[in-house]
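Q: For reference, the structure I am asking about is given below.
The values are calculated or read from the model by the stated rules, or taken from the named source; none is laboratory data. None of the values given here were measured: they were computed from a predicted structure. Backbone-built Cβ (ideal geometry, glycine too); neighbour counts: all protein chains shown. Please note that ligands, DNA and RNA were not included when accessible areas were found on the heavy atoms of the full protein model with its side chains. Shrake-Rupley method; radii C 1.70, N 1.55, O 1.52, S 1.80 Å.
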Amino acid sequence: MNASFDILLQTLLSGVLIGLIYALVAVGLTMIFGVMDIVNFAHGEFLMLGMYASFWGFALWALDPMFTLPFTALMLFGLGSAIYHVVIRRIIRAPMLSQIFTTFGLLILFRGLAQFLWKPDFRTIDHSIVQGKVAFAGLQFGLPQLVAAAGAIVVTGIVWWFLQRTRLGAALEATAADKDAAALMGIDVQRMFALAWGIGAACAGVAGALLSTFFPIFPEVGANFILIAFVTVALGGFGSVAGAFWAGIIVGIVEVLGGFLLGPQYKLALVLALYLIVVLLRPQGLLGRA
Amino acid sequence: MLQVEHIRVSYQRVPALHDISLRVARGEIVAIVGGNGNGKSTTLRAIAGLNRLDAGRIVLADRDVGTLAPHDRVRLGISMVPEGRRLFPRLTVARNLELGAYTRRDSAEVATTLRQVFTLFPVLEERRRQLAGTMSGGEQQMLAIGRGLMAHPQLLLLDEPSWGIAPKLVTKILDTIVAINATGVSILLVEQNLRRALAIADRAYVMQTGRMVLEGSGQELLESELVKQAYLGG
Ligand SMILES: Nc1ncnc2c1ncn2[C@@H]1O[C@H](COP(=O)(O)OP(=O)(O)O)[C@@H](O)[C@H]1O
Ligand SMILES: [Mg+2]
């Protein structure tokens, strides 16, 4: 096989791997937006907290991030729904600008807390059970990246199953579609909002835990992901979980392959160009409602 | 069954209901009639819990429900078929009906209600796999009423069930409302189709700019001078 073709394929698949993580982050963000029309600017901070949860589990008790992952998910779920009850509930009917300031305030709060409590240093988890490389068919991938991508698929699949196949999931979808109608069905809309925040935060937290085995951990790490998450949500269609999944993969490919072909300094520019194209050609996104 | 006492409701501080009182006795069909924008829908929404009360009480079977969330009122037996139907258009007919029974745990009882709904509206059974949004206006209204019945209500609130459907279907819908009432469900009906609403109602209220201006039996109101002049064209 042609060597440059191999490199291209390798790059493409690397894009898919990171894209699956973007997908998971975006699934959480689009869930919150879809159910209650609030943009969560602090979403990257949920990811950051998921990373630190993994880090401290590892540093303090030598627990592997893969082992603590379910607890990280539960913790972030609890945090997300608590934030809904304590903060977001008060601004549901507030003007959009107040909502933006509120979730942006949460971003600053969590970053500040992380800096204060855990110092602004870069941290890494060096000896996870997932480390090393895997080679097949002339291609080579890091095991952490492969495991992270697989984990992202599984968690996105669970969310999808939950929405499609369970009573609570149906209630969540009904709430996203029409809050008053959902309330008239006897659905506790407030509870659904809290559930959306819980699931949204858990998705981001799990993404953070999956990243923690190969990505540096620091208080501002969320910034690396939030912009991409917005692009992904827009590309997939605001509120569409399936859309966010496919869009995440596309964004990952554009970023990694584009960065490879044009130079890494253009990575983010390419993603943002993709965003502009979506907004111009298909403002409702791939799977969004027109 | 239902007693609404001096309620006030406003939208962003603009009052929509000034001092509304009404009652529905067990087994009754009560109609609220009146022109557009007079507060009929707001009255039903307040009873269902979608709009907060500024003042007044809503009593359901001796219990003050005026401060409860809408979903708690569904559990206590109030079900509403809202204006414009508000179906879940991207879900199937069957899924819409399932959501109507969201508060109920006993699946055997829910299945019984589902059979009753299908008996009332056979077209819903034929179309149960179809997306709600792809049906005709009349079929959608049948689904909306069927979905409302799935909660197994004591009191059914119906907001303009004849809105946007073919005239010959209006008769069928109103006949069905009488049939539902005959099974023991009390009904509070908002209708623009005044003559027909008054024909099936035991009692009725006339609303004007957020106030009740007239109350009586359906027959009395049909014969009243005010109603004749204002709504029946002399
Ligand atoms: N969502 C809303 N926001 C602001 N005002 C509203 C809203 N809904 C209704 N209103 C106002 O409340 C009054 C009563 O409306 P409504 O209850 O819909 O009347 P009806 O059902 O009799 O047509 C009207 O003046 C209407 O403009
Ligand atoms: Mg109305």
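Q: With charges only on Cβ, +1 for K and R and -1 for D and E, what is the dipole size of the protein assembly as shown about its Cα centre, in debye, rounded to 20? Spell out each step's value before the answer.
A: On the way: 43 positive and 35 negative charges, 42 e Å.
With Lys and Arg at +1 and Asp and Glu at -1, about 200 debye.
Q: In whole percent, what relative contact order does the stretch A:159-290 give with Cα contacts below 8 Å and a gap of six or more residues?
A: Working: 104 pairs, mean separation 25.0, N = 132.
Once normalised by length, the contact order is 19 percent.
Q: OK, next. Show that you can apply the helix-only estimate: for chain B, add -39,500 (n - 2.57) for every DSSP H stretch of four or more residues, divide by all residues, and state [θ] at 222 nm to the nearest 500.
A: Values: 10 runs with 91 residues, N = 234.
Calculated mean residue ellipticity at 222 nm is -11000 deg cm²/dmol.
Q: Set the bar at 32 Å for Cα to Cα. Now go through A:Lys119/A:Lys267; A:Lys179/B:Lys228; B:Lys40/B:Lys172 and name every pair that lies beyond it. If you can, show how the numbers build up before the last one.
A: Values: A:Lys119/A:Lys267 29 Å; A:Lys179/B:Lys228 39 Å; B:Lys40/B:Lys172 23 Å.
Where the Cα-Cα span goes over 32 Å, the pairs concerned are A:Lys179/B:Lys228.
Q: Compute the relative contact order of chain B as a whole-number percentage, counting only Cα pairs closer than 8 Å that sit 6 or more residues apart in sequence.
A: Computed value for chain B: 28 percent relative contact order.
Q: With r defined as the distance between the Cβ atoms of B:Gln192 and B:Glu5 and R0 fixed at 30 Å, what FRET efficiency is calculated, to the nearest 0.05? Mind showing how you got there, number by number?
A: Values: r = 26 Å, r/R0 = 0.87.
The formula returns an efficiency of 0.70 here.
Q: Evaluate the charge dipole of the stretch A:172-284 about its Cα centre and quote only its size in Debye, nearest 20, assuming +1 on the Cβ of each Lys and Arg and -1 on the Cβ of each Asp and Glu. Provide the component values of the computation, followed by the final result.
A: Numbers: 4 positive and 6 negative charges, 43 e Å.
Charge dipole, the stretch A:172-284, about its Cα centre: 200 debye, nearest 20.
Q: Let me ask you something else. Just checking the output field for B:93-100: average partner chain Cβ neighbours within 10 Å of each residue's Cβ? Intermediate values should be presented prior to the final figure.
A: Numbers: counts 0, 0, 3, 3, 0, 4, 11, 3.
Whole-number average of other-chain Cβ neighbours for B:93-100 is 3.
Q: Right, next: Counting only protein heavy atoms, probe 1.4 Å: which residues of the stretch A:177-220 lose 10 Å² or more of accessible surface in the full assembly compared with their chain by itself?
A: Checking the loss per residue gives A:Ala177, A:Asp178, A:Asp180, A:Ala181, A:Ala183, A:Leu184, A:Met185, A:Gly186, A:Ile187, A:Asp188.
Q: Okay, moving on. How much length is gained on full extension from A:Val86 to A:Leu109, taking 0.36 nm per residue of separation minus their Cα-Cα distance? Working shown, then result.
A: Values: separation 23, 0.36 × 23 = 8.28 nm, distance 1.43 nm.
Result: 6.8 nm gained on full extension.
Q: For the stretch B:2-232, with every protein chain kept in place, what is the accessible area per residue (1.4 Å probe, Å²)? Walk me through the numbers before you get to the answer.
A: On the way: 10390 Å² over 231 residues.
For the stretch B:2-232, the solvent-accessible area averages 45 Å² per residue.
Q: Have a look at A:Val155, A:Pro283, B:Thr113 and report the one farthest towards the positive end of the charge dipole of the protein assembly as shown, computed about the Cα centre with Cβ charges (Lys/Arg +1, Asp/Glu -1).
A: Towards the positive end, the residue furthest out is B:Thr113.
Q: Okay, next question. At what distance in nm do the modelled label points of B:Glu215 and B:Thr134 sit from each other, each positioned 7 Å from its Cα along Cα→Cβ?
A: Placing both labels 7 Å along Cα→Cβ, they lie 4.8 nm apart.
Q: Modelling each spin label as a point 7 Å along the Cα-to-Cβ direction, I'd like the A:Gln131/B:Glu223 distance in nm, to one decimal.
A: With each label placed 7 Å out from Cα toward Cβ, I get 9.5 nm.
Q: Over the stretch B:99-227, calculate the relative contact order: mean separation of alpha carbon pairs under 8 Å at least 6 apart, over the residue count, as a percent. If you can, show how the numbers build up before the last one.
A: Numbers: 122 pairs, mean separation 24.2, N = 129.
Relative contact order for the stretch B:99-227 comes out at 19 percent.
Q: Each label point is 7 Å from the Cα along the Cα-to-Cβ direction; what then is the distance between the points at B:Lys172 and B:Ser107, in nm?
A: 3.2
Q: Ok, one more. Enter the accessible area per residue of the stretch A:170-290 (Å², integer; probe 1.4 Å; all protein chains in place). Please report the intermediate quantities before stating the final value.
A: Values: 4310 Å² over 121 residues.
I get 36 Å² per residue for the stretch A:170-290.
Q: Compare the Cα positions of A:His127, A:Ala26, A:Phe58 along the charge dipole of the stretch A:10-133 (+1 at Cβ of Lys, Arg; -1 at Cβ of Asp, Glu; about the Cα centre) and return the one farthest towards the positive end.
A: Farthest towards the positive end: A:Ala26.
Q: Of B:Phe88, A:Phe260, which has the most accessible area and how do the rest follow, probe 1.4 Å? Could the numbers behind the result be given before it?
A: Values: B:Phe88 5, A:Phe260 105 Å².
These residues rank, largest area first, as A:Phe260, B:Phe88.
Q: Roughly how many percent of the accessible protein surface of the protein assembly as shown is carbon and sulfur, given a 1.4 Å probe and a whole-percent answer?
A: On the way: 14140 of 23320 Å².
Roughly 61 percent, rounded to a whole number.
Q: Got a number for the accessible area of A:Leu272? Probe 1.4 Å, square angstrom, nearest 10.
A: Surface open to solvent at A:Leu272 totals about 70 Å².
Q: Taking the Cα centre of the stretch B:2-232 as the origin, how large is its charge dipole in debye, to the nearest 20, when only Lys and Arg (+1) and Asp and Glu (-1) carry charge on their Cβ atoms? Working shown, then result.
A: Values: 29 positive and 23 negative charges, 145 e Å.
Value, rounded to 20: 700 debye.
Q: Can you give the accessible area buried between chains A and B, summed over both chains, with a 1.4 Å probe, in Å² to the nearest 100? Don't skip to the answer; put the middle values down first.
A: On the way: alone 13690 and 11480 Å², together 23320 Å².
The buried area between A and B, both sides summed, comes to about 1900 Å².
Q: At R0 = 30 Å, how high is the FRET efficiency between A:Ile100 and A:Leu281 if r is their beta carbon distance? Nearest 0.05 is fine. Walk me through the intermediate numbers first.
A: Numbers: r = 26 Å, r/R0 = 0.87.
For A:Ile100 and A:Leu281, the calculated efficiency is 0.70.
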